[in-house]
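**Q** Take a look at the following structure, please.
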Amino acid sequence: MVRTKTSSRLSVSARSVEVRGVVQGVGFRPFVWRLADRHGVTGWVRNRNGVVEILAEGSETTLDGFCAAISSEAPPLARVEDVRWVPARIAGFATFEVDESLDDEGEGDRLISPDVATCDACLAELLDPEDRRYRYPFINCTDCGPRFTIIEALPYDRERTSMRVFPMCPDCEREYRDPSDRRFHAEPVACPACGPQLRLVDGKGKRIPGDPIDKAAALIAKGKIVALKGLGGFHLACLATEERVVAELRKRKHRPDKPFAVMVPDLAGARERFDLSRSEEQLLSSPKAPIVLVKDRGTLAPSVAPGYRYQGAMLPSTPLHHLLLRAVDAPLVMTSGNLTDEPICIEDEEAQRRLSGVADAFVLHDRRIVARYDDPVTRWWRNGSVVLRRARSFAPTPLELPAAVKPILGAGAELHGAFCLAAGTRAFVSQHIGDLDTEEAMEAYADAYQRFKWVFGIEPEVVAHDLHPDFLSTRFAEETGLHPVAVQHHHAHVAATMAEHRLEGSVIGVAFDGFGLGDDATGWGGEFFQCSAERAERLGHLRPVRQPGGDAAVHHPWRMAVAHAEDAGVLDQALALMGDAPHDVDTLLEQLGTGLASPFTTSGGRLFDAVSALAGICLEASHDGQAAMLLEQAALSSATREYPFDVQVEDGRMVLDTRPIVVAIVKDLAKGRAPGEVAGRFHRTLAASILEVCRAIRGGTGLARVCLGGGVFQNDLLLSDVTSRLETCDFEVYVPREIPVGDGGIALGQVLVAHAQLEG
Ligand code: ZN
Ligand code: ZN
Ligand code: FE
């Protein structure tokens, strides 16, 4: 690097500038270089421990403009949190240079952008026959491409990614070294001459000759199922328009009902298949390229999302997906390459073994996937996106905590496993790992945890875990040997919402979900608290009913219908409604009578199950939340009437009595009222009753901020109704957006609670 001293000019000043935030791996240094060039600023820029340092010389006015532009014009993927400067000694630089990165071990922020979908400039090159990367499935630049799926350690340099085995060719090297090039320091830069290559093999591992993408597209067009090595793991792809093919995939994947996501070639293709708002279009085509839950137009095979009006749509996120979707030119089911709820496959061999009975062919390549990332699932809600599954492109962007914490691990729950590693004011919530009840999932969890520790340089001293001793995440927490802090499940739900919104003091917490162990050792899931980070005082809950067979009830919603109907004294009418579907009713009634293997629960999720089964919408469920989701889908928005409900005070706590609701529902259905009308009325009733309890709590405590948490609030209809009712009555309502409202976000709350309890 050349630094020429010139004679000092009178008007020249010098500033030492520090820029913090997501400023690595996003083309920040070339951006600063171009900015300096435009403003006529001299000096240098470099990365140091994740902070961008700039030495800038120029007139005061020039420097003011330059410093302001650093945040106002930052590259699309950067997140500038802070630009600080102090006057510096004038050295008299003649030019502006980009220096090598410095990493002094340990200290400092280590923020990198997550993986980003192919940018428009790269897409144009990908489709340009004159370009040297024409149809090259690994094209990328500083604005797009893989990041955390290839990073082994920080600082982020090619040698610490899975690209290190691909030495750059002279052409790529030139782009990589040129500050004016879009690929300046694009660590995964590659081209057909030097980078990773695709290959196609059949189900037995035999290579299929020819162009892998054209051949794979031809197989898919013929109705075959193809496994595709994507960014953070394998996908299974097949035609989304052919019922026979989709049904076959369901059979092979052992996934009877859970909706599949659908990838369409482009926005025009998305508009053709889905009824999109402008906001949804923007979310779909954002650089995160998430799955977005949108309204279906009914043109896809029924098996794609049986019984659902809303489906998961996404656009291609990598050049490989762009090429394949263009070659097939039809919407494709694009689902995680795994069996049922196991973690997504990432290794070629592993995929070929585990998916051998599922995929007819495999599109493989020789770039290793370092970390597993599923596709993220989002929804547009009111004025922004809500994350339902935090995965690729979202994790591990940190959240800013309301207070600085010592290094803490939040171990999360058991279903929708995800952990949170926090230190200082940064909380890194992991990607969605899956239900932790398989060996593969626990391995993936442990693996991701190790990686987070290395990459972010955080060595936790404390582990916050769920109160439930048998959750596999709790067992994992115990095995770490760290100082343990047990956190009640629903307290953690509310605290997660508080943490995301950086709320301090006390709030009204409303946590509705399927199950969490309560302080009194019974099952909770319809809870009202006066809640601070440190303490949650239970002020109200749903009326406890028995959950016959415990956990097993989750897959048999009709059992909860029987339990609620029995509790409400309308058992015979309810059984008549559900017809002959419930087989072992007698055993069930005996269980209810004796309480054998039938613990009490206040679960909101189980109440949804009961109503869904009573209405004949879902009596048996193959996946978690199915009965509730189908009930929401069935609900008619025209249904405005509410059922009667009652709130009594018992032992100083408000108990929301579900019996009048169940009685009214059974009566309505017996009269022949449409299930959609009943479902709608039930949603309205629950929203009205939540408002009622919140008003009573405000009356007693003066609190007016309400934090919602728990998987039940994934329900758009309920969430929207509860929120608008509360807001109409002058409550401030907080809902998580960056982390899932369900168990996938709970680890963040565990961290906040453990911190507060250790401080307190
Ligand atoms: Zn690009
Ligand atoms: Zn090259
Ligand atoms: Fe939960």
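The values are calculated or read from the model by the stated rules, or taken from the named source; none is laboratory data. These numbers come from a predicted model, not from an experiment. Positions of Cβ are generated from backbone atoms using ideal geometry, with glycine treated the same way; all protein chains shown enter the neighbour counts. Just the protein is used for accessible areas: all its heavy atoms, side chains included, with ligands, DNA and RNA removed. Shrake-Rupley method; radii C 1.70, N 1.55, O 1.52, S 1.80 Å.
**Q** Return a yes/no flag: does segment 90-100 have any residue that is modelled with pLDDT under 90, assigned to a loop (DSSP other than H, G, I, E, B) and either within 25 Å of G145 (Cα to Cα) or open to solvent by 10 Å² or more (accessible area, probe 1.4 Å) (or both).
**A** Yes: segment 90-100 contains one or more residues that are modelled with pLDDT under 90, assigned to a loop (DSSP other than H, G, I, E, B) and either within 25 Å of G145 (Cα to Cα) or open to solvent by 10 Å² or more (accessible area, probe 1.4 Å) (or both).
**Q** Residues in segment 533-553 that are open to solvent by 30 Å² or more (accessible area, probe 1.4 Å), part of a loop (DSSP other than H, G, I, E, B) and farther than 27 Å from G595 by Cβ: how many?
**A** 2
**Q** Quick one: which strands (runs of 3 or more DSSP E) lie wholly within segment 605-717 and hold at least 3 residues that are within 16 Å of ligand 3 (Cβ to nearest atom), open to solvent by less than 10 Å² (accessible area, probe 1.4 Å) and out of contact with any Leu (no Cβ under 6 Å at 6 or more places or on another chain)?
**A** By residue number, 705-709.
**Q** Check A427, A404, A371, A361 and return the single one that is in the same structural domain as A496 (by TED's automatic domain parsing) and surrounded by 20 or more Cβ atoms within 10 Å (Cβ to Cβ).
**A** Every option except A427 fails the conditions.
**Q** Take I151 and decide whether it is more than 16 Å from ligand 1 (Cβ to nearest atom), of a type in the set (V, I, T) and not assigned by TED's automatic domain parsing to the domain that holds R252.
**A** yes
**Q** Ok, one more. Cβ contacts < 9 Å: first residue in contact (Cβ under 8 Å) with a residue 12 or more places away in the chain, restricted to segment 477-506; second residue among the hydroxyl-bearing types (S, T, Y) and part of a helix (DSSP H, G or I), any location; separation 6+ or different chain. Result?
**A** Once the first residue is in contact (Cβ under 8 Å) with a residue 12 or more places away in the chain and sits in segment 477-506, its partners that are among the hydroxyl-bearing types (S, T, Y) and part of a helix (DSSP H, G or I) give T480/Y449; P484/T474; A486/T474; L503/T497; S506/T701.
**Q** Could you list, in sequence order, all residues of segment 453-471 that are open to solvent by 60 Å² or more (accessible area, probe 1.4 Å) and under 28 Å from T522 (Cβ atoms)?
**A** Once the filter is applied, which keeps residues that are open to solvent by 60 Å² or more (accessible area, probe 1.4 Å) and under 28 Å from T522 (Cβ atoms), segment 453-471 yields P469, D470.
**Q** Please find, among S71, S113, the residue that is surrounded by fewer than 22 Cβ atoms within 10 Å (Cβ to Cβ), away from ligand 3 (no atom under 16 Å from the Cβ), on the phi < 0 side of the Ramachandran plot and at pLDDT below 95.
**A** Checking each option against the conditions leaves just S71.
**Q** Another one. Only one of V189, V226 is more than 28 Å from A121 (Cα to Cα), open to solvent by less than 20 Å² (accessible area, probe 1.4 Å) and either out of contact with any Cys (no Cβ under 8 Å at 6 or more places or on another chain) or among the β-branched types (V, I, T) (or both); which?
**A** Answer to the selection: V226.
**Q** May I pose another question? I'd like to check something: does segment 483-492 contain any residue that is at pLDDT below 95, over 16 Å from G417 (Cα atoms) and not in a helix (DSSP H, G or I)?
**A** Checking segment 483-492: not a single residue is at pLDDT below 95, over 16 Å from G417 (Cα atoms) and not in a helix (DSSP H, G or I).
**Q** Further question on the same structure: Of the residues E440, E414, which single one is in a helix (DSSP H, G or I), open to solvent by 20 Å² or more (accessible area, probe 1.4 Å), in contact (Cβ under 8 Å) with a residue 40 or more places away in the chain and more than 16 Å from ligand 2 (Cβ to nearest atom)?
**A** Residue meeting the stated conditions: E440.
**Q** Regarding H491, is this residue more than 16 Å from ligand 1 (Cβ to nearest atom) and assigned by TED's automatic domain parsing to the domain that holds L752?
**A** Spelling it out, H491 is indeed more than 16 Å from ligand 1 (Cβ to nearest atom) and assigned by TED's automatic domain parsing to the domain that holds L752.
**Q** Filter segment 138-185 down to the residues that are within 16 Å of ligand 2 (Cβ to nearest atom) and in contact with a strand residue (DSSP E or B) (Cβ under 6 Å, 6 or more places away or on another chain) and list them by number.
**A** T161, R182, R183
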